[in-house]
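Have a look at the structure below, then the notes.
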Amino acid sequence: MSKSSTLLKKIFYSSSLAGALFLGLSSLPACSQASVQLKQLADEHRWSELRDTAATTHSTFYQAMAAAVFNEPQAERLFRATISEEPTSEEAYEAYDWLSNIYLKSGRYHSLEAVMEARWAAFPKKQSNARERAELAPLRGLPDQENGQRSVSILTHEPQSLSVSLTINGNTAKFFFDDGADISSMSEEEARSLGMTISSASGAMHSMTKDASFRMAVAKDMVIGNVHFRNVSFAVFPDNQEPWSLVPKNERGIIGLPIMVGMGNFAWSADGTITVGEKSQPLEPKHANLFFDGGKRPVVTVSFQGTDVFTSLDTGAMTTDVYSGFARRFPEYLAQHGTKSTNEIRGIGGAETFEAINVPELSLIIGGQQVWLRPVSVMTEHETWRKWVVANLGKDLLMQTGGFRIDFGAMRLSLREPLPKPKETK
């Protein structure tokens, strides 16, 4: 049995609200030949082509979609224009979903609540409305995260670690970066020690394993190096749950996607440093290998045997998980090189075991750099939130190099050359 450990694996708000926010592109309307073409480009995740074609056909909705996947600020304005043009259309309903994703990704929960209320008012007969209202309850009343001034900071980390020192409300803690966590999080004891008030309303999140209850708390002031934030919301979990029960006190926290997106640029180096606050490079869509699925979830384009495939990006995952989508794409490779096994995934609430096929190795190209996954356990029965996402790219691949950079402005994941293998001792 191979094990895959993650301290907060693919956490997201569980339910139909998440289902609404992770919209299915196959449901988008196709009212003309141009919209059919645009929809096909979106379904095939050909985002650079979609961006160019939407501009020439003057489709506000698809221009907004292309801007959202590339994290461009005009996406919000364009989606709102879509809603204004035809307030009760299917495109308007989908535009509300994309706006919801944008606000979740950026930690803007007040704006999320407002846009959901607007959508429910515009579409009062949708069967999912009552359930979504209940599920939004733990996030009601939370503020919008504010990203303040930032300048370049070089922080230190321990070997193979993404943990850094930070301050919350003037108190020091040590949390780790996890772009696979849709919401930043910490334990209850950690929140209290940092001077945070925990809300009474509770909700349910789920990882790749089991559901877990949570409440919310807000950090009025948060500083990482020379990067400042205000009104940062955290999901708060009991200390006796994994992963917090396995982590030392004062380190029971996760710097999630909203904060990392707010930083814009994040660079980890094997020499023991993490650099934050650098200016992003300009966006060149044809050269971008990173996009936000649904405007929210980071996905990377990776090459295997000359074929481009899509993987989620998860700096909080200790190891890379390969899903059943890979087995469907490359059955001959697995038949030739694989043996049946099982794979254990650990997340909030415990562990779960999946049927798998083990192969000795996979050679992947990421941003022009070759990396190796050794050994590999392909979970043949496990699907992720998107069937076309074939793997969850974790720290084992990222940290076998001299360093990596996530640039949410240029929308690129870049890797340095792999580190030399240590010499074997006789």
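Overview of results
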read-out	value
Over the chain: helical MRE at 222 nm, DSSP H runs n ≥ 4 each giving -39500 (n - 2.57), nearest 500	-8000 deg cm²/dmol
Difference of contour (0.36 nm per residue) and Cα-Cα distance, N171 to A122	13.3 nm
Probe 1.4 Å, accessible area per residue of the chain, Å²	41
Candidates Q37, Q400, Q63: whichever shows maximal mean-square fluctuation once the chain is modelled as a Gaussian network with Cα springs under 10 Å	Q37
Karplus 3J(HN,Hα) series, Hz, for region 235-248 with 6.51 cos²θ - 1.76 cosθ + 1.60 (x for Gly, Pro)	7, 10, 10, x, 5, 7, 8, 5, x, 4, 5, 9, 10, x
Region 214-249 versus region 263-296: alpha-carbon centroid distance in Å	23
Nearest-10 value in Å² for the accessible area of S199, using the 1.4 Å probe	40
With at most 11 other Cβ atoms within 10 Å, longest stretch of the chain clear of loop GluC sites (Glu not before Pro) (DSSP)	1-360
Reduced Cα scattering model of the chain, Debye log10 I(q)/I(0), q = 0.09, 0.10 Å⁻¹	-0.55, -0.68
Rg(Cα) / (2.2 N^0.38 Å) computed for region 58-217, rounded to two decimals	1.22
DSSP bridge orientation in the chain - percent antiparallel, rounded to nearest 5	85
Paramagnetic reach from Q149 (point 7 Å along Cα→Cβ, amide N under 16 Å) across region 258-283	277-278
Stretch gain in nm, segment T339-E189, where the contour uses 0.36 nm per residue and the Cα spacing is subtracted	49.6 nm
Long pairs among K249/K279; K39/K387; K105/K286; K279/K387; K105/K220; K296/K387, criterion Cα-Cα beyond 25 Å	K249/K279; K279/K387
Charge tally in the Cβ shell below 10 Å around N250, where Lys, Arg are +1 and Asp, Glu are -1, N250 excluded	0
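The values are calculated or read from the model by the stated rules, or taken from the named source; none is laboratory data. It should be emphasised that the depicted structure is a prediction, and the values quoted were computed from it without experimental measurement. Note: ideal-geometry Cβ built from the backbone for every residue, glycine included; neighbour counts use all protein chains shown. Calculation scope for accessible area: heavy atoms of the full protein, side chains included, ligands and nucleic acids excluded. Shrake-Rupley method; radii C 1.70, N 1.55, O 1.52, S 1.80 Å.
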